[in-house]
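The values are calculated or read from the model by the stated rules, or taken from the named source; none is laboratory data. Not measured: the values here are computed from a predicted model. Cβ sites come from the backbone with ideal geometry, for glycine too, and all protein chains shown count toward neighbours.
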Amino acid sequence: MARWAELKSQGIKRFGEVGAWAFDKWKMLNDTFFNGESKPGAIIWGQTPQGKSLGYYHVSENLIYLNKNLMRPVYPTNDFKWGIQHLNKKIAGDVLLHEMIHQRVNQTGGWVGETSHNNERFVDEVNRIARLLGMDIKAKVIKQKRTRDKSIWHVEPGYLTLKELSDFPYSSRTDNYYYGHP
């Protein structure tokens, strides 16, 4: 807990109120979904390393990046580049939870598979957390299937697509889940 408090203090110095919020939310999500077992790391508000995602987990540094625009209000008439039309603490919390799934997978042995989203350990965490969130969804590692002269990614009916896996849990929320909340 001393490490978390030290990191939170640094987060507050660098990012103010959103720094405090991120560490408090991380702790709540860690206690709720990971039995308090994940090891804290820094949480940085800014541009993600690729510059195009809402969040990013840096495996070797145990560092979570959250896009600085997550807390920026966007009005329903705007078309934000991620297809999300209302940014607030609820979406930021879901992005943080997504990055914490990567953190958990990394801290409990890492992943083997096609991508950091399309592997057994990540998919198992998505299924486990979806149940805890009361979501009626199913995820499964997506395999390539040979059809005539080419290979395609085959998603079994009723299962999350690779895009939905990559954007869990916010891809699986109802359309109005994020509206009207700070």
**Message:** Are there strands (runs of 3 or more DSSP E) fully within the stretch 17-74 with at least 1 residues that are in contact with a Gly (Cβ under 7 Å, 6 or more places away or on another chain)? List them.
**Reply:** 43-46, 63-67
**Complete:** When every residue in the stretch 35-57 that is buried (at least 16 other Cβ atoms within 10 Å of the Cβ) and over 15 Å from TRP4 (Cα atoms) is compared, the one modelled with the lowest pLDDT is THR48
**Request:** Sort out which residues of the stretch 125-151 are touching a helix residue (DSSP H, G or I) at 6+ places or on another chain (Cβ under 9 Å) and not basic (Lys, Arg), and write them in order of number.
**Result:** GLU125, VAL126, ILE129, ALA130, LEU132, LEU133, MET135, ASP136, ILE137, ALA139, VAL141, ILE142
**Asked** Which residue pairs have Cβ atoms under 6 Å apart, sit 6 or more places apart or on different chains, and have a first residue in the stretch 35-56 that is under 21 Å from ALA20 (Cβ atoms) and in contact (Cβ under 8 Å) with a residue 40 or more places away in the chain and a second that is buried (at least 20 other Cβ atoms within 10 Å of the Cβ) and hydrophobic (A, V, I, L, M, F, W, C)?
**Response** ILE43/ALA22; ILE43/ILE64; LEU54/VAL95; GLY55/LEU66; GLY55/VAL95
**Asked** Considering the stretch 133-151 alone, what residues qualify as being over 15 Å from LEU162 (Cα atoms), of a type in the set (Lys, Arg) and in a loop (DSSP other than H, G, I, E, B)?
**Response** ARG148
